[in-house]
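Let me begin by presenting the structure, written as structure tokens, before commenting on it.
The values are calculated or read from the model by the stated rules, or taken from the named source; none is laboratory data. Being a predicted model, the structure only gives us computed values, none of them experimental.
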Amino acid sequence: MKSEKGLEYEDLTERIIRCAIEVHKKLGPGFLESIYENAFIIELQKENLRVERQHEVVIKYDGFEVGRHRLDLVVNDTIVVELKAVKSLEDVHFAVVKSYLKALGKEHGLIINFSKKVLEVKRVIHK
């Protein structure tokens, strides 16, 4: 699953980012996160990507379930995608995605912020 450049899941990640760019080009900044999520899912499905929306994750502590949380999206059961419509990304956004990755046993995530004039996309890796 590595490309010539060596980044794991690079092709899948690039397809996801292309979908986000298309949504951002058509809608622009300024809408609620839920509007971007709805449009983004349409684009991902047009690319024949499997999308799990509001994916529920069981959170455990010392082997005991302590709660459940919902993630924005999981694409192809591989990439966790956290959507944002915020002025700027902060360290807490990265920490949250790393926690999601850890809880799911996944390594790769994306944070996509639609509220900027130019779409903001950040990769998050948890190993």
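Tabulated values for the structure
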{"read-out": "Filter pass, V57 being within 18 Å of H126 (Cα to Cα) and modelled with pLDDT of 95 or more", "value": "no"}
{"read-out": "Residue in region 31-51 that is of a type in the set (D, E), under 15 Å from the mean Cα position of the chain (by Cα) and in a strand (DSSP E or B) present", "value": "no"}
